[in-house]
Amino acid sequence: MPQRTVKHSSDLLGVGRLTIDAIAGVTDIAEGLHHAILNMGGVLDGPSNATDADELTPPRTRGITGLVYSSIRRINGLVGLGLDALIRRLTFSIGEQQSSAGRDAIVSALNGVLGDHLQKKQNPLAITMSLRRGGKLLAADELAEFMRQANGRVAVYVHGLCMNDVQWLRRGHNHGEALAADLGITPIYLRYNTGLHISENGRQLASLLQTLVSQSPCPAELYLVAHSMGGLVSRSAYYYAELSGQTWTEQLRKLIFLGTPHHGALLERGGNWIDVILDSNPFSAPFSRLGKIRSCGITDLRYGNIIDEDWNSRDRFDMAGDQRRPQKLPQKVPCYAIAASTIGDTENFSDDLLGDGLVAVGSALGQHKNPQCDLGLAAGNYWVGRGLNHMDLLNDPEVYRTLLKFMSGTEHGLA
């Protein structure tokens, strides 16, 4: 007999709200395309007197056609109100059920793609940042006991885009648990909404780490191990901690990056090109709204934005090039990077094109042709794995041996 699936009432509410928003978005796309066809790509529209506010509103049709689209929006809104009321009653009646790894993986992926939208709409599927052990939240009143048992010696693991804390376990291996066995450094795992701006997550992480070390009964010894986007969030956290005078940075012993796109990811730059191509044609422009659904977190990965000034007051879908304010690595903390390349046994042309399939080798090592942007990692502070992809960085034996060397060794000093 097949196992019965228990759905979360909050999931139903969240998916319901997301469905309502999706219907509204598809309605806008359909009407925009209809408008373009009726007006021959704008030929019949005449001169435009559109304001900035008009640019944010999709074109509307008139007459019977306009009435149809207007009716869809009104009915959709009424259905949304009814669904919210119904699911609230279900929540009260049946309560919440225990989570599962599969459900968490889906919600984490959804947050990566639409997390900013979920938060803005106060959707219950939006993830709230937290520190966790064994897949379970550590409440504020549990942190002191955790730090006591760890004797203040803790490594915080920060996951990447569309992932969560449980997914540090891959193919039977977990870097955190392995390092705990080999070095006695107790792991704790971050879970966060990867669809938010990296700088927003950075500020939240900085505050959370300050709370963590403040609960230690002895001087804390802190390590940060970050995969992919998690490395940018960690750098952002350090920046905002220093800016606000938080003290956990003085207790940070090492910062290690696994496949972090310090200078962005080519995949997101490709997505930006698709936006431009679609927008260039009035018949395809309505479909560019689909590409622009992707979250702030994803668009921050285009060049590796880590502070507010990298994105604030700018159109994140504009083809404006790299406009970051360059930020160096922490100067008081040894920093290390592990990169991967899917092709070859030695350095080759694919390193700068394919890299590990998501992040080019140069970006993962913080290398840049502009000296102001180059992170300047010492030769002994980085390593490139060959024949590995982005996810292999979580479980490959040689990657772990290198990570163990970086975590335990002191020979390389500061980056």
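Which one of these is crowded, with 24+ Cβ neighbours inside 10 Å and either among the small types (Gly, Ala, Ser) or in contact with a Leu (Cβ under 7 Å, 6 or more places away or on another chain) (or both): Gly172, Gly195?
Gly195
Can you spot a residue in segment 124-137 that is over 14 Å from the mean Cα position of the chain (by Cα), within 26 Å of Gly264 (Cβ to Cβ) and modelled with pLDDT of 95 or more?
no
I'd like the full set of residues that are modelled with pLDDT under 90 and outside any loop (DSSP other than H, G, I, E, B), limited to segment 338-389.
Phe349, Ser350, Asp351, Asp352, Ala379
Return yes or no: is Val333 crowded, with 20+ Cβ neighbours inside 10 Å, within 29 Å of Glu242 (Cα to Cα), in the same structural domain as Cys162 (by TED's automatic domain parsing) and at pLDDT 70 or above?
no
Within the group Lys136, Lys121, which residue is surrounded by fewer than 22 Cβ atoms within 10 Å (Cβ to Cβ) and assigned by TED's automatic domain parsing to the domain that holds Met229?
Of Lys136, Lys121, the one residue that is surrounded by fewer than 22 Cβ atoms within 10 Å (Cβ to Cβ) and assigned by TED's automatic domain parsing to the domain that holds Met229 is Lys136.
Within segment 307-330, which residues are at pLDDT 90 or above and either of a type in the set (A, V, I, L, M) or at positive phi (or both)?
The answer is Ile307, Leu329.
What number of residues within segment 214-238 are in contact (Cβ under 8 Å) with a residue 40 or more places away in the chain and over 18 Å from the mean Cα position of the chain (by Cα)?
Residues in segment 214-238 being in contact (Cβ under 8 Å) with a residue 40 or more places away in the chain and over 18 Å from the mean Cα position of the chain (by Cα): 9 in total.
Under 8 Å by Cβ, and 6 or more places apart or on different chains, what pairs join a residue from segment 241-256 that is in the same structural domain as Ser228 (by TED's automatic domain parsing) with one that is in a helix (DSSP H, G or I) and of a type in the set (S, T, N, Q)?
Listed pairs, sorted by first residue: Ala241/Gln210; Ala241/Thr249; Glu242/Thr249; Gln246/Ser207; Gln246/Gln210; Thr247/Gln210; Trp248/Gln210; Leu255/Ser234.
The values are calculated or read from the model by the stated rules, or taken from the named source; none is laboratory data. For clarity, every value in this text was computed on a predicted model and none was experimentally measured. All Cβ positions, glycine included, derive from the backbone under ideal geometry; neighbour counts span all protein chains shown.
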